[in-house]
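Reading through the structure tokens given below for one structure.
Just so it is clear, none of the values below were taken in a lab; they were calculated from the coordinates. Just so it is clear, the model here is predicted, and its values are computed rather than measured. Backbone-built Cβ (ideal geometry, glycine too); neighbour counts: all protein chains shown.
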Amino acid sequence: MRRADYESALAFYAREIKPDRAQILFVENTNADLSDFETVARREGHALSTLSYLEDPSVSEKGKGNGEALMFDRVAEFLNLSPIPIRTVTKITGRLKVKNHATLLSRCASFDRFISCRVSSDLKQVDTKYFVTDCATWTTYMTGLEPLVDEINGRYLEHAAALRFAQTRFDGLAWVQFRRRLHIEGISGSTGVPYGTFKHRIREGMGIAATRIMSDRSYL
């Protein structure tokens with residue numbers, strides 16, 4: 001089921017994105033066979049780029065965020081070695097379809113160095129499901145996060161990303177805020193509940209209420 005969700009999301013983006021405008025990179029750390037994903041992309045005219053490797057089990061034992069942080073490093077290596085100049089990088093959790101991504105991306109074209117993301121109101125977490133940066137910002141600020149992730153003690157990838165977000169602001173990079181709420185379809189990796197359903201909206205509402213009571217946190 002999970003694999004079908006990933007293929008469905010990939011098919012969505014392959015249809016939405018013109019091959020001459022953007023490159024799709026699929027990253028996974030179980031060394032899976034991705035030939036069927038390449039076929040899905042090819043149907044829509046895309047030559048899918050892939051990074052498939054087997055992560056050290058010791059990393060997986062620490063938590064999902066540690067593995068994802070190391071994926072960010074792999075993406076940076078890909079960007080640095082790319083023979084094609086890449087200006088903008090959009091990170092999307094693989095099973096999700098951000099239906100209004102074109103609208104969200106439209107404002108980013110006006111900035112050279114930027115990060116576009118949702119940040120909690122207490123500035124302690126960045127929503128890492130979906131965010132956008134220029135290539136140089138990714139390779140400079142979104143790498144080396146794994147040592148900052150300590151899930152056992154409540155320090156997640158979202159917290160590590162928030163530290164780097166704060167550094168981008170200190171260094172004068174633009175924060176391009178989303179003017180619209182993300183319109184997401186797909187399955188939540190943390191709850192297993194589909195986005196957009198009544199059950200998810202109730203769960204999301206309860207989560208927002210709880211975080212506001214506990215830490216006055218909501219996403220901007």
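Observations, loosely collected:
- Matching residues, region 115-146, being aromatic (Phe, Trp, Tyr) and either in contact (Cβ under 8 Å) with a residue 60 or more places away in the chain or not in a helix (DSSP H, G or I) (or both): 130, 131, 138
- Residue in region 126-148 that is surrounded by fewer than 21 Cβ atoms within 10 Å (Cβ to Cβ) and touching a His at 6+ places or on another chain (Cβ under 9 Å) present: yes
- Residue count for region 87-101, restricted to those that are farther than 26 Å from residue 2 by Cβ and surrounded by fewer than 16 Cβ atoms within 10 Å (Cβ to Cβ): 1
- When restricted to residues that are of a type in the set (Phe, Trp, Tyr) and outside any helix (DSSP H, G or I), region 147-170 contains 1.
- A single member of 12, 26 is aromatic (Phe, Trp, Tyr) and part of a helix (DSSP H, G or I), and it is 12.
- Looking across region 171-187, the residues that are assigned to a loop (DSSP other than H, G, I, E, B) and either touching a residue at least 24 places away in the same chain (Cβ under 8 Å) or over 27 Å from residue 11 (Cβ atoms) (or both) come down to 171, 172, 173, 176, 177, 178, 179, 180, 182, 183, 186.
- Test: residue 47 is over 19 Å from the mean Cα position of the chain (by Cα) and crowded, with 16+ Cβ neighbours inside 10 Å: no
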